[in-house]
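A quick write-up on the structure given underneath.
The values are calculated or read from the model by the stated rules, or taken from the named source; none is laboratory data. Every value quoted in this text rests on a predicted model; they were computed, and no experiment measured them. When we count neighbours, we look across all protein chains shown, and the Cβ atoms used for this are built from the backbone with ideal geometry, even at glycine. Accessible surface is based on the protein model in full, side chains and every heavy atom, while ligands, DNA and RNA are left aside. Shrake-Rupley method; radii C 1.70, N 1.55, O 1.52, S 1.80 Å.
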Amino acid sequence: MTTIDYSVWDHIEVSDDEDEIHPNIDTPSLFRWRHQARVERMEVFMKKGEELEKSLMESRRKLAEAQRRVQELVSASTPEAKADLAKAQEEEKQLKKQERSWEKKLQEHRIEEKKMPWNVDTLSKEGFSKSVVNVKPEKEEETEEEKEEKHKTFVEKYEKQIKHFGMLRRWDDSQKYLSDYPHLVCEETANYLVIMCIDLEVEEKHALMEQVAHQTIVMQFILELSKSLKVDPRGCFRQFFAKIKTADQQYQDAFNDELESFKERVRGRAKIRIEKALKEYEEEERQKRMGPGGLDPVEVYESLPAEMQKCFDDKDIQMLQDAISRMDPTEAKHHMKRCIESGLWVPNARADEEGEKDKEEGDEPQYEEVKKEEQ
């Protein structure tokens, strides 16, 4: 036979469980005072829990920002970024310790809450008022290849919807759109919006970038909220909009601070991308300019003495021959060899003009003229 454990009823706190009350004491008033004192204690306790949760969320937000900062500095190649990397990693370490500390305090608070005696306020519950939250099941961490493939597939399918969300301005419009398309509430949307912001900044569409940046932070705040509540982000985005629209000043300030920081990071990433593109373009142009000997004519020209540079500027062969005749033979040979290898000087140009026969008679007719002058 199954026995019932009644020990849970051993610790019930109610206002009217006192059998012996002094006759001169107003019993109803005493019960009201006791009830009021208990309600006030509960309010203080609940407020403490809310403050702990808020502090944990703020700690996680700062940690996420620090982790993104570290990732950006790791990928950057500038000396300033390398100098700041150690500092950013130390800050990330401290924020992780803070996060663990807040989690421990919140866990202790919840344990203390479970140990509190029941009373008339906690025993009585509304029979038909409840909230069902879909808790995300624990799953194995995806590999980088799996994440990349998942992101690519998602973007190919929903790119148009993501871009539309990025262009929205009002809170109500954003909430309604996510209600219609809840599959957009995910990491893939946030990642695409980040890339979209950098692309717009590179294209110098600054106002449009700031608009999309706002929606990016909206999505990131929703994802952070889902992590702190340990629920599917599709089940908590309405809580974010409810909170941000009630003008909670602390929450609003945190949102605005993160938005401004994100826009600065976007500008920095766009600048790095532009500098990289310019370097690649310059290298590509340099490769196109390469002469038959693998030298860059621009670099060779800039290394020539001023007198020889003027000869090439004026395209005066006689002036060049005169200049070479006045130079040390070894130095002259060195410069002319580099000019030929870079294509700055074509030794058989005259032979090409006179025909194939002249070309066969001497491979370097113009260079020979220069050497004769040197003798």
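With the Cα gyration tensor of region 145-285 giving a ≥ b ≥ c as the square roots of its eigenvalues, does the rule (a/c under 1.5 for rounded; else a/b larger than b/c for prolate; else oblate) give rounded, prolate or oblate? Write out the running numbers ahead of the final one.
Values: a/c = 2.14, a/b = 1.55, b/c = 1.38.
Cα axes put region 145-285 in the prolate bin.
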Worksheet item: Tell me, what is the FRET efficiency for Glu113 and Gln67 to the nearest 0.05, using R0 = 35 angstrom and their Cβ-Cβ distance as r?
Response: 0.65
Fill in: In region 307-347, the trypsin sites (Lys or Arg not before Pro) that fall in loop regions by DSSP, at most 11 other Cβ within 10 Å
Lys315, Arg326
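Gain in length, Ala83 to Val44, computed as 0.36 nm per residue apart minus the alpha-carbon separation, to one decimal in nm?
Working: separation 39, 0.36 × 39 = 14.04 nm, distance 4.60 nm.
Once the chain is fully extended between Ala83 and Val44, it gains 9.4 nm.
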Discussion item. Can you give me the distance in nm between label points at Tyr301 and Arg170, each placed 7 Å from the Cα along the Cα-to-Cβ direction?
Written reply: 6.0 nm
Item to complete: State, to one decimal in nm, how far the label point of Arg326 lies from the label point of Lys150, with both points 7 Å from Cα in the Cβ direction.
Response: 7.4 nm
Worksheet entry | List Arg169, Arg41, ordered by accessible area with a 1.4 Å probe, largest first | Arg169, Arg41
Discussion item. Leaving out ligands and nucleic acids, and using a 1.4 Å probe, what accessible area per residue does region 297-342 come to in Å²?
Written reply: 58 Å²
Worksheet item: How large is the accessible surface per residue of region 145-285, computed with a 1.4 Å probe and reported in Å² as a whole number?
Response: 56 Å²
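Could you work out what % of the accessible surface of region 297-342 is carbon and sulfur, using a 1.4 angstrom probe and leaving DNA, RNA and ligands out of the count?
On the way: 1380 of 2650 Å².
That share works out to 52 percent.
R0 = 56 Å: FRET efficiency of Gln252 with Glu282, Cβ-based, nearest 0.05?
Numbers: r = 45 Å, r/R0 = 0.81.
About 0.80, to the nearest 0.05.
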Discussion item. What does the extension gain come out to for Tyr181 and Glu90, with contour length at 0.36 nm per residue minus their alpha carbon separation?
Written reply: 28.8 nm
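Once the piece of chain linking Lys105 and Gln309 is laid out straight, how much longer is it, given 0.36 nm per residue of separation minus the C-alpha distance between them?
On the way: separation 204, 0.36 × 204 = 73.44 nm, distance 7.56 nm.
This chain segment gains 65.9 nm when fully extended.
Where does the charge balance sit around Phe221 when Lys and Arg score +1, Asp and Glu -1, over other residues with C-beta under 10 Å from its C-beta?
On the way: positive: Arg61, Lys243; negative: Glu224, Glu258.
Every neighbour counted, the sum reads 0.
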